[in-house]
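Please treat every number below as a calculation from the coordinates, not as lab data. Not measured: the values here are computed from a predicted model. Heads up, the Cβs are rebuilt from the backbone with ideal geometry, glycines too, and the neighbour counts pull from every protein chain shown.
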Amino acid sequence: MTEPAVTGTGTGTRTDEETYEVQEAAGERDASAPGPEGAPPAGASAVAELELKPALEAVLMVVDEPATAEHLARVLERRPREVSDALRELADEYTVQGRGFELRLVAGGWRFSTREEYADAVERFVLDGQQARLTQAALETLAVVAYRQPVSRSRVSAVRGVNCDGVMRTLLQRGLVEEAGTEPETGAILYRTTHYFLERMGLRGLDELPELAPFLPEAEAVEGETQEGMPSFEVDDPSPDSQTEH
C-alpha cells in the first residue's frame, strides 16, 4: 500500500527531506511545510531556477522606479543578501567594461541610468528634430492654455482670433494638454496642460512659466464672445451712462 507523502516515518519522511532540499536549493523561498499531498510550496516556480544576474537585468530593464533588493528577491525567489551581492557585482562589471549605462543605487533602490560621460549623446538623440515639430498655431494655442487653464476651446479661439479645434486635437494627441472637467455655465469641456508639458518645458511647476500672462487678454474680456446667449459688454464700464442706470 502506498503511503501519502506527509511528515512521519517510512517513505513519507523521505519525501519531506527531498522537498526541503528543493526549497534550500531555491534560496529558502518558503519556509512552510509541504502541503497535505507532499506538493512544493505554493510560491515555487521556474523563476527560482533562472540564472540570477540575467534575471535581474531583465527585470530592471522594465522598472519605472528604483527597485529594492528585497523586492527583487521576492520576485526572483532568492535570498535578499544573494540579490544584493549580485547587483553590486553587476554594477562593478558595467564599470569595468566601460558600458554606456550604469546600475545605480538611488532612492533606496536599484535602476539603470545613462553614464554621465555619455549624457551629451543621449541629449542630442532626444532633442533631434523635436523643436520644429509644433507649428506656430500649436505653440500659440498651447501658450493660451498654459496661462489661462482650465480653459475651453471657444475661449482659446477667442483669444487667438481663429478656430483652434484642429490644433487642440493635435495637442491632445501629443499629450501636452488634457481634459479638466466642464465649465459650469456652459457645459463646455475645459483643458489644461499635462505633466508631460512640464517635462518637455523643463519646469517643476506652472509657477515657473515666464511672465507672459500680462500680454494676454483677460478671460472676462472675451467671455461675452464665447458664451452663447450672453451679451458682449464690459462689466466694469465706468461710463456715466452706466452709472445712472440704477
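Per-structure values
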quantity	calculated
Alpha-carbon centroid distance for the pair region 52-129 / region 174-215, whole angstrom	34
Computed over region 89-170, Cα set: Rg, Dmax in Å	21.5, 62
Qualifying GluC sites (Glu not before Pro) for region 140-219 [loop in DSSP, other Cβ within 10 Å: at most 16]	GLU185, GLU211, GLU218
Alpha carbon convex hull of region 125-186, projected area averaged over orientations, nm²	4.7
Sites ALA46 and ALA91 - FRET efficiency at Förster radius 35 Å, r taken between beta-carbons, to 0.05	0.85
Low-density loop positions, trypsin sites (Lys or Arg not before Pro), region 137-188 - DSSP coil, at most 16 other Cβ in 10 Å	ARG174
Tensor-based shape of region 38-107 (alpha-carbon gyration tensor, a/c under 1.5 rounded, otherwise prolate or oblate)	prolate
Table column - 3J(HN,Hα) (Hz), region 163-174, Karplus curve with 6.51, -1.76, 1.60, x for Gly and Pro	5, 10, 4, x, 5, 4, 4, 5, 5, 5, 5, 7
